[in-house]
1. Taking amide H positions as placed in the peptide plane 1.01 Å from N, state which residues far from V151 in sequence (5 or more) or on other chains have amide H under 5 Å from it.
2. Taking only protein heavy atoms and a 1.4 Å probe, what accessible area per residue, in Å², does the chain have with all protein chains in place?
3. Just going by the charge dipole of the stretch 350-493, with Lys and Arg at +1 and Asp and Glu at -1 on Cβ, which of A441, P381, F462 is farthest out on the positive end?
4. Using R₀ = 51 Å, calculate the FRET efficiency as 1/(1 + (r/R₀)^6) where r is the Cβ-Cβ separation of R285 and I488; round to 0.05.
5. Rounded, prolate or oblate for the stretch 302-414? Axes are the square roots of the Cα gyration tensor eigenvalues, ordered a ≥ b ≥ c, and the cut-off for rounded is a/c under 1.5.
6. Quick check on my link table: of K193/K272; K193/K486; K114/K346; K120/K346; K238/K486, which ones sit more than 24 Å apart, alpha carbon to alpha carbon?
7. Please turn the phi angles of the stretch 240-252 into ³J(HN,Hα) values with the Karplus equation 6.51 cos²θ - 1.76 cosθ + 1.60 (θ = phi - 60°), one per residue in order, whole Hz, x for glycine and proline.
8. Sorted by packing (mean other beta-carbon atoms within 10 Å per residue), highest first, where do 105-117, 255-267 land?
Amino acid sequence: MSTSTATTAGTTDTGRAADAAPRRYDHWIAGRWQPPAEGSYLPTTNPATREPGDEVAAGSAADVAAAVAAAAAAWPGWAARPAAERSDVLHAVADVLAAHIDELTELELAATGKVPAQLKVEIDMSVAYFRYYAGVLRATHGRTIDLGAGVHAYTRLEPYGVIGVITPWNLPLNQAARSLAPALAAGNAVVAKPSEFTSTSTLHLARLASAAGLPDGLLNVVTGTGPAVGTPIAAHPKVRRVMFTGSVATGRHLARLAGERLIPVTMELGGKSPIVVFADADLDRAAAAAATAVAFNAGQVCSATTRLLVEDSAHDEVVARVVERLEALRPGVDFGPIITEAQFDKVLAMLADAERAGLRPVSGGSAYPDGPAAAGRYIRPTLYADVAPDQPLARQEVFGPVLVTRRFTGEDGAVAAANDTDYGLAASVWSGDAARGLRVAERIDAGQVAVNGGPLTVETPFGGYKDSGFGREKGLEALHEYAQVKTISLALG
Ligand code: ADP
């Protein structure tokens, strides 16, 4: 626990400057800052420099209980309001977030060290989630069921009540907004637990939502570690559904807990997603997409397409083009650091294991030995070519800037290689023959497939097959995840 003399964020409503002294953040519960019951705080560091960052409250079950009580008191009144009114409030939240993009960007930058262009994409999209669900909630209803004359049968979409949202450190604000917006739109209240490494943007989202008119208690943020805060959220009797984004191991733990309690969970877990490139593809665009999978968030994206599968005749050409792009990437300019020290160590350990197994990178393969990048948690963009499919590097999620390649021949070979994984979150297919692109996309076991760079947005549902999890975020589908269906049937006679 830290003993720093940082000021308490609860004393001011303004944003922080990039060079501001570290601050101490309390929980956001029932529309106000509330200190942790046990009185202690957790330190953070800036991943780009390893300098000390803001401190966040070290939450406990007592803080979770206070947040759940606030949420339980708040949601019935919210759910009873007409959809149009809830929509107006969520539009106001989007407006206020949009007006504070600079502040949210500074907070996220300090916690993650991300590069500005990428932060802009993530934070704009965070605002867009609120706008989108503010819109669709007015057009998403139950239905009437025709049971013949004399009967009026219909369904209603009803909220669960209190929903727990547990999010990781890789896209902090974005992943929080992705769950919070549909959860609130459907009439629920939320207790959110961001990662203890990257909590400040989610805390500020909640503060700004309150300022925009979201009733107190609907959006509570309790910070702290997974065992101290996440597990008590999922175990609390009044939490009726859990949305989890994170690792497979934690997902299994929370799914077991939810199974005991018989509550539904949405699991957004890991991936080892393929990018499939046929020889007739636009090889430059495909190579750029492969390099982006490594550059974007330094590969710390669950849907990153880090298995580069290339038709045999084009393999060496594609590898050369990707390597050229990787070697042009500048740390701190084109890509950011690894966000946690533990993850930095894990990526390097995987590279060391690969080295021991006889694998030699075509590019990268280490941290930076010197210069400014060595002070932060930067890892060189890395590519290993022709990695045997049974190698750990070809099977395990690295969650870092590491690509592995494999050759295939023909459509069947492409599909077999793409599906040779325990995961199934996303995929990318590149071919000059769009029909073939679609045929292959339909045969890949993954929740989301982009063909020739097709965009994936707030509107497009996202979620896993196989060990990548279950349930869907984004799109209309997410609104249904956060609502349960009630059937009502009336005999008219
Ligand atoms: P990552 O490897 O991305 O950190 P985790 O699954 O460890 O993935 O973390 C994702 C989220 O789950 C974080 O908010 C983390 O604090 C939380 N978490 C970690 N362990 C537990 C746990 N035992 N119970 C509940 N939540 C947890």
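The values are calculated or read from the model by the stated rules, or taken from the named source; none is laboratory data. Just so it is clear, the model here is predicted, and its values are computed rather than measured. As a convention, Cβ positions derive from the backbone with ideal geometry for all residues, glycine included, and neighbour counts pool all protein chains shown. All accessible areas refer to the heavy atoms of the entire protein, side chains included, with ligands and DNA or RNA removed. Shrake-Rupley method; radii C 1.70, N 1.55, O 1.52, S 1.80 Å.
1. L492
2. 38
3. After comparing all options, I get P381.
4. Details: r = 52 Å, r/R0 = 1.02.
Calculated value: 0.45.
5. Working: a/c = 2.09, a/b = 1.59, b/c = 1.31.
The shape class here is prolate.
6. Details: K193/K272 26 Å; K193/K486 29 Å; K114/K346 19 Å; K120/K346 28 Å; K238/K486 19 Å.
Long pairs (Cα-Cα over 24 Å): K193/K272; K193/K486; K120/K346.
7. 9, 6, 10, 10, 10, 10, x, 7, 4, 4, 5, x, 4
8. Details: 105-117: 22.1, 255-267: 16.1.
Final packing ranking: 105-117, 255-267.
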